[in-house]
Amino acid sequence: MSKTKIGVIGGSGIYEIDGLQNPKWQQVESPWGTASDELLTGELDGVEMVFLPRHGRGHVHAPSDVPYRANIDALKRLGVTDVISVSACGSFRDAMAPGHFVIVDQFIDRTRQRASSFFSSGCVGHVSLAHPTCPRLSAACAEAARAEGITVHEGGTYLAMEGPQFSTLAESRMYRESWGADVIGMTNMPEAKLAREAELCYASVAMITDYDSWHPDHGEVDVTDIIKTLMGNSAQAKGMVARLPQLLGETRDACPHGCDRALECAILTAPDARDPVLVGKLDAVAGRVLR
Ligand SMILES: CSC[C@H]1O[C@H](OP(=O)(O)O)[C@H](O)[C@@H]1O
Ligand SMILES: Nc1ncnc2[nH]cnc12
C-alpha cells in the first residue's frame with residue numbers, strides 16, 4: 001500500500017485546475033531540462049495532486065518542443081503515482097463527435113523529432129508498450145467523465161503526429177481508413193512512452209474538438225473552431241479531474257497491470273558497464289531498480 005499522488009498534464013485550453021487546497025506553483029529541477037512550467041501542487045479530497053500545463057501557461061511550447069522528459073521526470077520526482085493526460089484531439093469517427101471524450105488505449109507514433117526515451121547507450125532499457133495505458137486509471141477517468149455528463153468512448157487509438165501543421169487530406173484518410181486510428185493529436189507521444197519508462201500509471205483522455213480534414217460534411221480543421229470547442233470542454237475536463245481523488249482513493253495497492261514495475265527486467269546494461277553520468281540522471285525515473 002502506498003499513497004496516491006495524482007498528476008494531471010493539461011493540454012491545449014487547460015492551464016490550471018481549480019479547487020486545490022494549499023495550492024502552490026513550484027519550480028522542479030530535472031536533469032532532463034526545465035519542465036514546461038512550474039508545477040501546481042495541492043490537495044483535493046485528502047489526495048495529493050500535481051498539475052502541469054503541457055504547453056506552459058500562455059501556451060508557449062509547440063508540440064515538437066514540449067520538454068516531455070523533464071515533465072515526466074518532474075512528476076516522478078514529486079512522487080506522482082498516476083498521470084492523467086488531457087488533450088485536444090481530432091476525430092476519425094462519426095460517432096466520436098466534438099465535445100465527446102475518448103479514453104485512449106492505443107497509440108501510433110508518427111512523431112520524428114523528439115527525444116523519446118530516458119535510456120540510451122550507457123544504460124540501455126527496453127520496456128513493453130503493448131498496453132501503453134493503465135486500464136485501472138483509464139476506467140476511473142471514464143467513470144469521472146460520465147459523472148460529469150460527458151459522452152465517453154472507452155478505448156480508441158491515438159495517432160500522434162509531429163505537427164504543428166494539421167494533416168493533409170490524404171494523411172487524414174490513410175490514418176482513418178488504412179491504419180484504423182480513431183483520434184489524432186500532437187503530444188501524447190513520447191509522453192506515454194516516458195511515463196511507462198518512469199513506472200507511472202498513465203491514462204489519456206482525448207477531448208474531441210474537430211473531425212480533422214476527412215469528413216465530407218465538415219470543413220478542414222480550423223484552430224478557431226478548436227478553441228471554441230475547447231472553451232466548452234475545459235470546464236467539463238476540470239470537473240472530471242476533480243472527481244478523481246475520490247475514485248482513486250488516498251492509498252493504492254501495486255498496480256494490477258504492472259505499470260509501476262515496468263522496469264523490473266528492462267535494463268540490459270551490466271552494472272559495471274553503466275555510464276555513471278546517465279545513471280545519475282535516471283535517479284528519479286529508474287532509481288528503484290538502479291540503486
Ligand atoms: C489547439 S490545436 C493543436 C494542439 O492541441 C493539442 O494539444 P494537446 O494535446 O496538448 O491538448 C494538439 O496535440 C496540438 O498540440
Ligand atoms: N485535427 C487535429 N490534428 C492534430 N491535433 C489536433 N488537436 C486538435 N485537433 C487536432
Using the Karplus curve 6.51 cos²θ - 1.76 cosθ + 1.60 with θ = phi - 60°, work out ³J(HN,Hα) for each residue of the range 4-14 in order, rounded to whole Hz, and write x for Gly and Pro. 6, 9, 8, x, 10, 9, x, x, 3, x, 10
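Between residue 25 and residue 59, what is 0.36 nm times their sequence separation minus the Cα-Cα distance? Round to one decimal in nm.
Numbers: separation 34, 0.36 × 34 = 12.24 nm, distance 1.66 nm.
Once the chain is fully extended between residue 25 and residue 59, it gains 10.6 nm.
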Can you compute the radius of gyration and Dmax for the chain, using only the Cα atoms, both in Å? 18.3, 61
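Give me the net charge for the shell around residue 105: Cβ to Cβ below 11 angstrom, other residues only, Lys and Arg +1, Asp and Glu -1.
-2
In whole percent, what relative contact order does the chain give with Cα contacts below 8 Å and a gap of six or more residues?
Values: 635 pairs, mean separation 75.9, N = 291.
Here the relative contact order equals 26 percent.
How would 65, 210 rank on accessible area, largest to smallest, probe 1.4 Å?
Numbers: 65 105, 210 20 Å².
So, going from the largest accessible area down, we get 65, 210.
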Given the pairs 5/238; 24/238; 193/238; 193/281, which span a C-alpha to C-alpha distance of over 22 angstrom in this model? 193/238
Hydrophobic long helices for the chain, i.e. whole DSSP H runs reaching 15 angstrom or more by Cα along the axis with Kyte-Doolittle mean at least -0.5, come out as 135-147, 223-248
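Expressed in nm to one decimal, what extension gain is obtained for the pair residue 235 and residue 95 from 0.36 nm per residue of sequence separation less their Cα-Cα distance?
Details: separation 140, 0.36 × 140 = 50.40 nm, distance 2.21 nm.
Full-extension gain reported as 48.2 nm.
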Given a Förster distance of 22 Å, report the FRET efficiency between residue 273 and residue 126 from their Cβ-Cβ distance, rounded to the nearest 0.05. 0.85
Give, rounded to the nearest 20 debye, the magnitude of the charge dipole that the range 67-213 has about its Cα centre when Lys and Arg contribute +1 at Cβ and Asp and Glu contribute -1 at Cβ. 380 debye
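Before rounding to the nearest 500, sum -39500 (n - 2.57) across all DSSP H runs of length at least 4 in the chain and divide by the residue total; then give [θ] at 222 nm in deg cm²/dmol. Don't skip to the answer; put the middle values down first.
Working: 7 runs with 78 residues, N = 291.
So the calculated ellipticity at 222 nm is -8000 deg cm²/dmol.
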Suppose accessible area is computed on protein heavy atoms with a 1.4 Å probe; arrange 8, 152 from highest to lowest. 152, 8
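About its Cα centre, what dipole magnitude does the chain give when the only charges are +1 on Lys and Arg Cβ and -1 on Asp and Glu Cβ, stated in debye to the nearest 20?
Values: 27 positive and 37 negative charges, 125 e Å.
About 600 debye.
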Rounded to whole Hz, the Karplus (6.51, -1.76, 1.60) HN-Hα couplings of the range 18-27, x for glycine and proline: 9, x, 6, 8, 6, x, 8, 7, 9, 6
Could you pull out every residue, at least 5 positions away or on a different chain, whose amide H is within less than 5 Å of the one on residue 48? Hs are placed 1.01 Å off N in the peptide plane, and Pro or chain starts have none. 6
Using just the C-alpha positions of the range 6-81 as equal point scatterers, what log10 of I(q)/I(0) does the Debye formula give at each q in 0.11, 0.23 1/Å? -0.24, -1.02
Signed unit charges on C-beta, dipole axis of the range 82-290, positive-most listed residue 211, 234, 248: 248
Along the charge dipole of the chain, pointing to its positive end and built from +1/-1 on Cβ of Lys, Arg, Asp and Glu, which listed residue (53, 179, 26) has its Cα farthest out? 26
Net charge over other residues, Cβ less than 12 angstrom from the Cβ of residue 43 (K, R count +1; D, E count -1): 0
Pair residue 254, residue 228: separation of 7 Å Cα→Cβ label points (nm): 5.2 nm
Counting only Cα atoms, I'd like the Rg/Rh figure for the range 220-291, Kirkwood definition for Rh. 1.23
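The values are calculated or read from the model by the stated rules, or taken from the named source; none is laboratory data. Everything quoted here is computed from the prediction, not taken from an experiment. When we count neighbours, we look across all protein chains shown, and the Cβ atoms used for this are built from the backbone with ideal geometry, even at glycine. SASA here: full protein model, heavy atoms, side chains in, ligands and nucleic acids out. Shrake-Rupley method; radii C 1.70, N 1.55, O 1.52, S 1.80 Å.
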